[in-house]
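One structure is given here, and the rest of the page talks about it.
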Amino acid sequence: MIRNLWGIDDVSAYLGVPVGTLYQWRSRGYGPVGRKIGKYVRFKPDDVERWFEAQAEGVA
């Protein structure tokens, strides 16, 4: 079953970071991959979770 796409508010809540931080990350090429659909940015939950898990690998 396909999960619903997440909006910027969903990703913000999941990661615990402000929406503005996500937009800054996008402009710098950092953060989870999001796709523009019309004027909206949407994220696949699996991509966000995978990105989050990858961040832990760099922590010493």
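The values are calculated or read from the model by the stated rules, or taken from the named source; none is laboratory data. Everything numeric here is computed off the predicted structure, so don't read it as measured data. Backbone-built Cβ (ideal geometry, glycine too); neighbour counts: all protein chains shown. Side chains included, ligands, DNA and RNA excluded: accessible areas come from the protein's heavy atoms. Shrake-Rupley method; radii C 1.70, N 1.55, O 1.52, S 1.80 Å.
Looking at this structure, is Q55 of a type outside the set (G, A, S) and open to solvent by 80 Å² or more (accessible area, probe 1.4 Å)?
The answer is no for Q55.
Is at least one residue of the range 13-27 in contact with a strand residue (DSSP E or B) (Cβ under 6 Å, 6 or more places away or on another chain) and surrounded by fewer than 16 Cβ atoms within 10 Å (Cβ to Cβ)? If you could, list the steps in order and put the result at the bottom.
Taking the range 13-27 and keeping what is in contact with a strand residue (DSSP E or B) (Cβ under 6 Å, 6 or more places away or on another chain), we get none.
No, because not a single residue in the range 13-27 is in contact with a strand residue (DSSP E or B) (Cβ under 6 Å, 6 or more places away or on another chain) and surrounded by fewer than 16 Cβ atoms within 10 Å (Cβ to Cβ).
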